[in-house]
Amino acid sequence: MIFYIGRRILGLLIVLIGVTILSFIFSSISPVDPAQAYVMKNIPNPTQEQIEAVREELGLNLPIYEQYYNWLINCLKGDFGKSLTTRNYVIEDIFKKLPATLSIVGMAMLWIVLITFPVALICAVKKDSALDHAVRIVSIIGVSIPSFWLGFLLLLAFAVFIPIFVVVDFGSLRSLILPSLTIAVPVICSLTRMLRSTILSNLNKDYVVYAKARGLSNSTIMSKYVLRNSLPPVITALCQSFGYMIAGSAIVENVFSWPGLGNHLIHAIFGRDLPTINGAVLILAVIFVICNLLADLVNNLINPRISI
Amino acid sequence: MFRDIIKNTQAMVGLTILLIIFIFALFAPYLAQNDPVDVNPVLKFKEPSSNYPLGTDNLGRCVYSRLIHGARYSLFIAIPILFSLAFISIILGTITAYYGGLFDKILNVICNIFMAFPPLIIVLSLVGSLGQGMINIAVSVVISMWVWFVRVIRSYVLEEKNKQYVISARISGCSDFRIILKHIMPNTMPQIIVYFSTGISGIILMISGFAFLGIGIEKGLPEWGAMLSDGKSNLYSNPQLLIYPGVCILLTAAGFNLFGEALRDIISKEEG
C-alpha cells in the first residue's frame, strides 16, 4: 500500500511538472506582447523605451527556460503576480472567490450521491420496468441539455412563475439550491446510467451465483457484494466530476451571477488579464489532479486488489 | 447491422432528428424567409405572424430565421472539430496501442498531463491567450480533447489486438499494416462510431456554452448559445427567446446521443 501511494505520488509529481510547463506554454503563445499590455494598462501611449524598461523589469527579455524557471519558483511561493484589472495579488483574489465555487460544487456532490445510488440500484433491480425506461429517457435528456439553459429554466420555473427562490441571491443556503442542482443534473444522469450498467454486469458474475447458492438474501447480496464491486468506476467518475464541476461552474456561475472562481476567470479572459488566467488555470488543474489521486486512493481502500 | 438500426426505435428517432437538423443547416437560406442578422428596431418583440412565424427578438430580428441559421453554426463548427479529433486519435491511438514501446510510454505521460486539465479550462486559457474567434475556439477544443479521444481509441485497439484472429492473421504472415487496416480497424469501428456520436453532442454543448459566455462567436451572429445569451436580459418579459434556442441545442445533442446509445446497445447485443 505504502509502495503504491509512493509510486502514485511520484507519478503525480511528473504530471504536476508537466502541468506547469503546459500552463506556461498556454500563457506564452499569446500574440499580444505581455510587456506592452502591461504598460498600456498604466500609460495610454507608451514609448518603445518604456516598453523595453518594463520588459526588463518583468524578466521578459530572458531566454524562455529562464522565464519558466522564474515563473515556477514564484508559483511555488504562491506568487502569480498582480492582477492587471483588480490590481490585487492574483492568489488573494482566487482564494477569495474559491469558497463560493466550492460551496456550489459541494452541494452538487451531495445531490449526486443522494440521487444516483438509490436510482441506479432500483433501475438495476427492476431492469426493463417502466421506471427503468423512464429513467433512461430522462437521463438521455439530462446529458443532452445545455447546463446554462437548464439554469434558466429552473430560474424561470422557480423564481418567476412559482416564486420560491430569488433570481439574484447569494449567501444563504437556499441560494445554493438552484445553481447546485443545475450543475449536478448532467453528472447525476451520466453516473446513474454508468452505475446501473456496472451493477447489471456484476449480477451475472459467478460470485453472485455462489452467494445465492449459499442462501444469502437478495438484499445482502446487493449491498454487501454487488454494490461494493460496482463502486470503483463510479468513484473514479465521481472524483473526476468534482474537478469537472469546479471547471464547469464558469457557465453556471454566469447564469446565476454567482461570484465564484469561474466567473472570475471569465472576467479575466474578457479583460485579457493574463496573470489571473494563468493562476486560476494552474490552481484548477492542481485541484483536478488531486481529485484523481483521491479517487485512486479511495478505490484502493475499498478494493485492495487493484494495486496488485 | 443496418437492419438492426432500422428496427430500433431509439436509433431511428435519433436519426430523424439529426436528418431534420441537417436539412435545416444545408438549406437554411431557402427555408428561412428573413435575413437572420437584419436588425429592425421598429419591429421588436413582435407576436408570431405569417411574416415572422416565431415572432421577433429584442432587435426586431426574425427568430425563426435565426434558429434555422443557427443549425449551421452548431453543426459546421462541431463536425470539423470531430473530424480532426477522429484523424488524430485513430492514427495515434491505433499505432501506440499496436506497437507499444517507448513511443507509447511517452504518449501516456503526455496524455496524463493534458488530462490534468478539464477541457473547458484548456479552452478558456487558450482563448485567453490566443484571443476570440471561431477558428481559435475550434483549435482550442481540439487541443483540449485530443488526449481523451486517443486514450479511448487506444483502449479499444488494445482489447482487440490480443484476440485470436489477430494472432492467427500474424501467424499466417499478414503485414502489420494489413492487420491494422483490414482486421483491427473494421472490428473497432462500431465502438469508435458510438464514441464519436456521443462525443459530438458533448462538443456541440461545449461550443454553445462558449457562445453563451460570449467567447468565440462574434456578437449578433445567430448561434443558438449566443441567442440564449442575448435573450437572458428579457427573461421575464419574453421567456420564449430563451426557450427556442435551448430546445434546438437540446434536440441536436439528444439526436446524437439517442443514436449513439442505441448503436451501443445493438453492438453489445451482437457480441452477446
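Read-outs throughout are calculated quantities, based only on the coordinates presented, and are distinct from any laboratory measurement. This structure is a prediction, so every number in the text was calculated from the model and none was measured. Here the Cβ positions follow ideal geometry from the backbone for every residue, glycine too, while neighbour counts run over all protein chains shown.
Observations on the structure shown:
- Fully extending the segment from A:Val138 to A:Ser257 would add 40.1 nm, taking 0.36 nm per residue of separation and subtracting the current Cα-Cα distance.
- Per-residue mean of foreign Cβ neighbours for A:15-22 is 4 (Cβ atoms of other chains, 10 Å radius).
- Inter-centroid distance (Cα atoms) of the range B:159-215 relative to the range A:74-144, Å: 29 Å
- Per-pair calculated FRET efficiency, R0 = 35 Å: B:Asp4 and A:Ile122 via Cβ, rounded to 0.05: 0.75
- Inter-label distance, nm, simple model (7 Å from Cα along the C-beta direction), B:Ile110/A:Ile2: 3.8 nm
- Helical mean residue ellipticity (222 nm; -39500 (n - 2.57) per DSSP H run of 4+; nearest 500) of the protein assembly as shown: -24500 deg cm²/dmol
- Largest mean-square fluctuation among A:Glu253, A:Glu57, A:Glu92, in a Gaussian network model of chain A whose springs join Cα atoms under 10 Å apart, belongs to A:Glu57.
- HN-Hα J in Hz across the range A:3-12 - Karplus 6.51, -1.76, 1.60, θ = phi - 60°, x for Gly and Pro: 4, 4, 4, x, 5, 5, 5, 4, x, 4
- For the range A:98-307, the relative contact order is 26 percent, taking Cα pairs closer than 8 Å that sit 6 or more residues apart in sequence and dividing their mean separation by the residue count.
- Here the 3J(HN,Hα) profile of the range B:249-264, calculated from phi with Karplus coefficients 6.51, -1.76 and 1.60 at θ = phi - 60°, is 4, 4, 5, 4, 5, 5, x, 5, 5, 4, 5, x, 5, 5, 4, 4 Hz, Gly and Pro shown as x.
- For peptide A:148-154, the mean count of partner chain Cβ atoms within 10 Å of a residue's Cβ comes to 6.
- Net +/- balance of residues flanking B:Phe210 in space, Cβ distance below 14 Å, scoring K and R +1, D and E -1: -1
- Shielding of B:240-251 by partner chains, average beta-carbon count, 10 Å: 3
- The range A:86-187, relative contact order [Cα under 8 Å, separation at least 6], %: 38 percent
- Violating pairs (Cα-Cα greater than 32 angstrom) within the set A:Lys205/B:Lys7; A:Lys97/B:Lys46; A:Lys97/A:Lys224; A:Lys97/B:Lys219: A:Lys97/B:Lys46; A:Lys97/A:Lys224
- Computed E for A:Glu66/A:Lys212 - FRET, C-beta separation, R0 51 angstrom, nearest 0.05: 0.15
- Karplus 3J(HN,Hα) series, Hz, for the range B:189-196 with 6.51 cos²θ - 1.76 cosθ + 1.60 (x for Gly, Pro): 4, x, 4, 5, 5, 4, 5, 5
- Computed over chain B: relative contact order in percent, which uses C-alpha pairs under 8 Å that are six or more apart: 25 percent
- Sites A:Ile164 and A:Leu110 - FRET efficiency at Förster radius 25 Å, r taken between beta-carbons, to 0.05: 0.85
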